[in-house]
Amino acid sequence: MVEEYLTVNSDDVIPEDMSAVEVPCDRHFKRESNSLHRQSLCRPPRKQLIAVKMPSKYYMPGVYHRPNSYEVDRCDGVCQHPNHKCLPIDKEIVEVPVTSDFLYSRLLNAGSRSAPSLPPEKCMRVKIERHLLCSCQCVMSAQNCNDKQVFSEDRCACECRDTTKAKTCSQHNRMWSNEKCECVCPPTTSRQCSSGAQFDESTCRSVVNLSDH
């Protein structure tokens, strides 16, 4: 069963020009900031309100499921490694009692003799995961690496098989790319050339093609 976390209403987002105010970095402020940071780290599961997702056969116009959300323990938090994610290492399945009914149709047609006959309500137990123990785990594998890379389990990252050319990049106004495993032009390099010239990726400069003259 697929579950989704409830999303934040976009109307609650604070405008960028009002989102931060600079204050003195005194001892009290740093203590408060560090305390909040520790609370955000991957730790034992915490309560989260998730949407109760029903099997597709129970979704039809006018049908209301209750409860349509459920508070359950889930892993969440920040990991120190950029390629790590707070994931469960132990979990169990809990069953949530859910009623499926044409609730609003019954209320609107209450007392009406010409109201159409509605199917009876259905009661079911929907299975949802409850996380018991969390840890920061690598979310990358060899499948994330290209032909020029090899996966390092210790670093949880794709690393270049051959880095011998990395030292020569700066000599040609270039920089090493751990993603492409080759020397590339810096991102700030302008690729706009004057008429009759073309940008050369090997030198990161505009060059005139003499064969055209």
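Listed by position, the strands (runs of 3 or more DSSP E) enclosed by the stretch 134-182 that each have at least 1 residues that are touching a strand residue (DSSP E or B) at 6+ places or on another chain (Cβ under 9 Å) and within 30 Å of residue 43 (Cα to Cα) are 149-152, 157-160.
So which residues in the stretch 125-140 are over 21 Å from the mean Cα position of the chain (by Cα) and either touching a residue at least 40 places away in the same chain (Cβ under 8 Å) or on the phi > 0 side of the Ramachandran plot (or both)? Break it down stepwise before answering.
The first filter runs over the stretch 125-140 and keeps only residues over 21 Å from the mean Cα position of the chain (by Cα), leaving 125-127, 132.
If the condition is that a residue be over 21 Å from the mean Cα position of the chain (by Cα) and either touching a residue at least 40 places away in the same chain (Cβ under 8 Å) or on the phi > 0 side of the Ramachandran plot (or both), then 126, 127, 132 are the ones that fit.
Screening residue 196 with (1) on the phi > 0 side of the Ramachandran plot; (2) surrounded by 11 or more Cβ atoms within 10 Å (Cβ to Cβ) gives one miss only, at (2). For residues that are touching a residue at least 12 places away in the same chain (Cβ under 8 Å) and outside any strand (DSSP E or B), tally how many sit in the stretch 47-84. Final tally of qualifying residues: 16. Scanning the stretch 14-59 for residues that are farther than 22 Å from residue 133 by Cβ and of a type in the set (S, T, N, Q) returns 19, 33, 34, 35, 56.
To keep it simple, each residue is scored yes or no on (1) more than 30 Å from residue 78 (Cβ to Cβ); (2) of a type in the set (Phe, Trp, Tyr).
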residue: 135; (1), (2): no, no
residue: 176; (1), (2): no, yes
residue: 181; (1), (2): no, no
residue: 185; (1), (2): yes, no
residue: 208; (1), (2): yes, no
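In summary, residue 118 fulfils each of the numbered conditions (1) closer than 30 Å to residue 71 by Cα; (2) modelled with pLDDT under 85 with the single exception of condition (1). Taking the numbered list (1) without any contact (Cβ under 8 Å) to a residue 12 or more places away in the chain; (2) surrounded by 13 or more Cβ atoms within 10 Å (Cβ to Cβ); (3) of a type outside the set (Ser, Thr, Tyr) in turn, residue 43 passes all entries but (1). So how many residues does the stretch 183-195 have that are in a loop (DSSP other than H, G, I, E, B) and either of a type in the set (A, V, I, L, M, F, W, C) or touching a helix residue (DSSP H, G or I) at 6+ places or on another chain (Cβ under 7 Å) (or both)? Total meeting the criteria: 2.
The values are calculated or read from the model by the stated rules, or taken from the named source; none is laboratory data. The structure displayed is predicted, hence computed values, not measured ones. Counting neighbours? That spans all protein chains shown, and the Cβs are built from the backbone with ideal geometry, glycine included.
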